[in-house]
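Here is the structure we will look at, set down as structure tokens.
The values are calculated or read from the model by the stated rules, or taken from the named source; none is laboratory data. Small disclaimer: the values here were computed from a predicted structure and weren't measured. FYI the Cβ positions are ideal-geometry reconstructions off the backbone, even for glycines, and counts take in every protein chain you see.
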Amino acid sequence: MYAVRRETNGKAVYFPAYDLEWEEYQRHKAAGGTLEDVANKKPSPLTDNKLVHHLEGKDTIGIYPLLRAFTHYQVGPGKYGSHCRGC
């Protein structure tokens, strides 16, 4: 699992990279839903091309090593500190 960086309200945020239908997600969000509870999403694979874009400075990504029970340790600074259960 990896995360992508986006600017939201002037602040940099990271969120899990998912493959999903973005128009469907926007409708879901407008109805009060969140990325966490949207249907039909799957983790986006970290491809060679995505990694090259990161190394060239075109995108910024973060890595989340998954542990048992879907917990992870975040590599680098972040919103949740050094450990996050179920993020």
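To keep it simple, each residue is scored yes or no on (1) exposed (fewer than 13 other Cβ atoms within 10 Å of the Cβ); (2) in a strand (DSSP E or B); (3) touching a residue at least 12 places away in the same chain (Cβ under 8 Å).
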| site | (1), (2), (3) |
| --- | --- |
| Arg5 | no, yes, yes |
| Tyr25 | no, no, yes |
| Thr34 | yes, no, no |
| Asp37 | yes, no, no |
| His54 | no, no, no |
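Working only within the range 6-28, note down all residues that are of a type in the set (Gly, Ala, Ser) and in contact with a Pro (Cβ under 8 Å, 6 or more places away or on another chain). Talk me through it step by step, then tell me what you get.
Going residue by residue through the range 6-28, those that are of a type in the set (Gly, Ala, Ser) are 10, 12, 17.
Across the range 6-28, the qualifying residue is only Ala17.
If you go through the range 7-23, how many residues are modelled with pLDDT under 85 and assigned to a helix (DSSP H, G or I)?
Within the range 7-23, the subset modelled with pLDDT under 85 is 7-8, 12-16, 22.
Keeping just the survivors that are assigned to a helix (DSSP H, G or I) gives 22.
Counting residues in the range 7-23 that are modelled with pLDDT under 85 and assigned to a helix (DSSP H, G or I) gives 1.
Are any residues in the range 56-82 modelled with pLDDT of 60 or more and surrounded by 13 or more Cβ atoms within 10 Å (Cβ to Cβ), and if so, which ones?
Asp59, Thr60, Ile61, Gly62, Ile63, Tyr64, listed by residue number.
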